[in-house]
Amino acid sequence: MFDSLESTFITDDIRIELAGQNTLMLYFGTNESTTAKQVAVISPAISNKVHHAVQLIRQHLATEVIDVIPSYASLLVMFNLLEIDHHQLRNKLTTLLTQCGSDSHKKGRVVEIPVYYSPESGIDLARIAKQARLSIEQVISLHQAQEYRVYAVGFAPGFAYLGEVDQRIATPRLTTPRLKVPKGAVAIADRQTAVYPAQSPGGWNIIGLSPVDMFTAQAQSPMLVEVGDSVKFVAIDKQQYLELGGQLNYATTASGETNSKE
Amino acid sequence: MKTLTSSDELGFVVTNAGILSLIQDAGRYGSFNLGLTNGGPADALAFYWANKLCGNTLNTSTIEISLGGLALTAQRDCVIAVTGAPMPLTINGKGQSLWQSFLVKAGDTIRLGFSQVGVRCYLAVAGGFTIKPSFGSTATVCRESVGGINGSKLMVNDVLPCQGVINSAEKLKLLMLAEYQQPQYSNELVLSTVLSYQQQHFSMIEKRLFFSSDYQVSKHWDRMGYRLQGRAIKADIAGILSEGICYGAVQVPADGQPIVLLNDRQTIGGYPKIGAVISQDCAKLSQCRQGDTVRFEAISMSQADNLFHLQLSRLQQTKLIVCS
């Protein structure tokens, strides 16, 4: 009954699994000596490989593959059942991805995102500082101290999962998400950080506001960043924030049940 | 005869939007990198027939009516067809059958009542509704505010432009699907499911329980996913690193109650998944509502392939009846 499952290794750290009727899943960063149960880890090297695999698939399997969803250590491949079946696709992926390495030849861009950090714009900033036994200024400077990588895009149009924040300011999601988080909110969940592209429900901890548009539906390139790019946050003051088109007349709504989880 | 320029914007006026009526073409593919989901018809089979009956290509924009209540007024003569759940359909108050194309005249009122079994209907018009695509598709995903008219469900007074009958002298080809070939909707369903994803995190006992238990559709059922209620099954992990979610994926959160993810699912997520329901059964599931009973049946990927190609060849062999 449950014996027709195939898990194959392309290289010692790329594994193919079934996902659905027209989807296969590639897992990265697990090797043959470990079991499939081993939890994958977040690392820029693994993410580079995922990114490289995306490029190879887009380049060589454009007819067979409808779309892909890259994430931290995985790549969902949705294919056209009228062009290819999962056996053939497995073979093609196996051949293609043996050349997949962590030195991505197309390096992602570094995008600077201005943030107005303050207790006024970041309603969870004081709590994070208190929990971390840091000053608010230290939290702000730790958040800016590193370049973050775009590991995945999902949850909402233009929502980019960035990692990883300094362990000292890592903060778990709110137990009950807020019904309304303002557009531009810069927030932290565990060791991830993100900018909310639009007003939406959300359970991440808000530390500031950015005036930039993460997603512009009408634009030629609707997204400010893509998977594989890097983000650097730069502090701006209230005056600059307002001059750049930022708004402050927002209110987060009390928490309540929502359907989605980012 | 009206000139093209003045009649470009004519079509149908929404006089009652119903509970949830959405413009849907075959779906949005190629925008996962932006975080955009697929959308598209929840019941791809009924959608297929609506377009076929109107002589349309398969990616033509239709209206998906959930539960019922939609009323439209035609502004021009056109050929339309309604397929799907057996919602009472009237034209100017007079009953009209589903699963066939027919002519409506400018000024006619088209009204859909509420179905007792099944959830969704598709209203297609010959030539399709002329809706500007966003990201390559007209599929409406309300959660993303993308597609349809301004990313929203249909509202009263929306105008849905369409081509209409170009020349009334031209012989109209009206078609119907024979009754024995029309899909039947039921409140009990078996969902063929391929074991996949994190299936190794569910023990053999949990899998056997999953595939031998009845589940009820809970009150949380929509185009994003169907939450089921029944025997809880447990994975040996609470969460996973967020990863891509396919159509039909069966996600099992900590409470052990499975969720089947459908057209408007979020593209990535971090709950363990035991497998994926095949697409033709996802379409059937989308015709279920709260309280309906489903059961999962394990099939191999080869069986899933066979079922896909069998359905395809059956569809290609089905001949529509020419009524005029």
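The values are calculated or read from the model by the stated rules, or taken from the named source; none is laboratory data. What you see is a predicted model, and the numbers here were worked out from it, not measured in a lab. Every residue, glycine among them, receives a Cβ derived from its backbone with ideal geometry; neighbour counts consider all protein chains shown. These accessible areas exclude ligands, DNA and RNA; they are computed on the full protein's heavy atoms, side chains included. Shrake-Rupley method; radii C 1.70, N 1.55, O 1.52, S 1.80 Å.
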* To do: Have a look at B:Ala106, B:Ala71 and point out the one that is surrounded by fewer than 23 Cβ atoms within 10 Å (Cβ to Cβ) and not in a strand (DSSP E or B).
  => B:Ala106
* Scan region A:155-191 for residues that are at pLDDT 90 or above and open to solvent by less than 60 Å² (accessible area, probe 1.4 Å) and report the count. => 21
* Taking region A:132-174, which residues are touching a residue at least 24 places away in the same chain (Cβ under 8 Å) and among the β-branched types (Val, Ile, Thr)? -> A:Val139, A:Ile140, A:Val150, A:Val153, A:Val165, A:Ile169, A:Thr171
* To do: Could you run through region A:202-243 and say how many residues are open to solvent by 40 Å² or more (accessible area, probe 1.4 Å), out of contact with any helix residue (DSSP H, G or I) (no Cβ under 9 Å at 6 or more places or on another chain) and within 23 Å of A:Gln131 (Cβ to Cβ)?
  => 0
* **Positions within region B:232-251 being under 24 Å from A:Tyr151 (Cβ atoms), assigned to a loop (DSSP other than H, G, I, E, B) and more than 10 Å from chain A (Cβ to nearest Cβ), in sequence order** => B:Ala235, B:Ala238
* Which residues, counting only those in region A:226-239, are away from chain B (no Cβ under 11 Å) and either under 23 Å from A:Tyr148 (Cα atoms) or free of Cβ contacts under 8 Å to residues at least 12 places away in the same chain (or both)? -> A:Asp229, A:Ser230, A:Val231, A:Lys232, A:Phe233, A:Val234, A:Ala235, A:Ile236, A:Asp237, A:Gln239
* Asked: Quick one: is B:Asp255 away from chain A (no Cβ under 11 Å) and touching a residue at least 24 places away in the same chain (Cβ under 8 Å)?
  -> no
* **Residue list for region A:67-121, restricted to those being more than 30 Å from B:Ala276 (Cα to Cα), of a type in the set (A, V, I, L, M) and in contact with a Phe, Trp or Tyr (Cβ under 8 Å, 6 or more places away or on another chain)** => A:Ile113, A:Val115
* With respect to B:Arg265, is the statement that it is open to solvent by less than 40 Å² (accessible area, probe 1.4 Å), part of a loop (DSSP other than H, G, I, E, B), more than 8 Å from chain A (Cβ to nearest Cβ) and at negative phi true? -> yes
* Counting only residues that are within 11 Å of another protein chain (Cβ to nearest Cβ) and among the hydroxyl-bearing types (Ser, Thr, Tyr), give me the strands (runs of 3 or more DSSP E) lying completely in region B:151-230 with at least 2 of them. => B:188-195
* Can you name every residue in region A:210-221 that is closer than 19 Å to A:Gly246 by Cα and assigned to a loop (DSSP other than H, G, I, E, B)? -> A:Ser210, A:Pro211, A:Val212, A:Asp213, A:Met214, A:Thr216, A:Ala217
* Odd one out for B:Ala124 among (1) buried (at least 22 other Cβ atoms within 10 Å of the Cβ); (2) over 25 Å from B:Gln24 (Cα atoms) -> (2)
* To do: Kindly check whether there is at least one residue in region B:38-59 that is among the β-branched types (Val, Ile, Thr), at pLDDT 95 or above and open to solvent by less than 10 Å² (accessible area, probe 1.4 Å).
  => no
* Asked: So which residues in region A:116-131 are within 20 Å of A:Pro172 (Cβ to Cβ), touching a residue at least 24 places away in the same chain (Cβ under 8 Å) and open to solvent by 30 Å² or more (accessible area, probe 1.4 Å), if there are any at all?
  -> A:Ile123, A:Arg127, A:Gln131
* Asked: Restricting attention to region B:195-215, does a residue exist that is in contact with a Cys (Cβ under 8 Å, 6 or more places away or on another chain) and buried (at least 24 other Cβ atoms within 10 Å of the Cβ)?
  -> no
* Structure fact -> Over region A:53-104, the set of residues in contact (Cβ under 8 Å) with a residue 24 or more places away in the chain, under 25 Å from the mean Cα position of the chain (by Cα), part of a loop (DSSP other than H, G, I, E, B) and within 13 Å of chain B (Cβ to nearest Cβ) is A:Ser71, A:Tyr72, A:Ala73
* To do: Kindly establish whether A:Gln146 is out of contact with any Leu (no Cβ under 7 Å at 6 or more places or on another chain) and assigned to a loop (DSSP other than H, G, I, E, B).
  => yes
* To do: Give the residues of region B:170-205 that are in the same structural domain as B:Val117 (by TED's automatic domain parsing) and over 27 Å from B:Lys284 (Cβ atoms), sorted by residue number.
  => B:Glu170, B:Lys171, B:Leu172, B:Lys173, B:Leu174
* To do: For B:Tyr215, indicate whether it is hydroxyl-bearing (Ser, Thr, Tyr), within 30 Å of B:Ala126 (Cα to Cα), outside the structural domain of B:Leu22 (by TED's automatic domain parsing) and under 24 Å from the mean Cα position of the chain (by Cα).
  => no
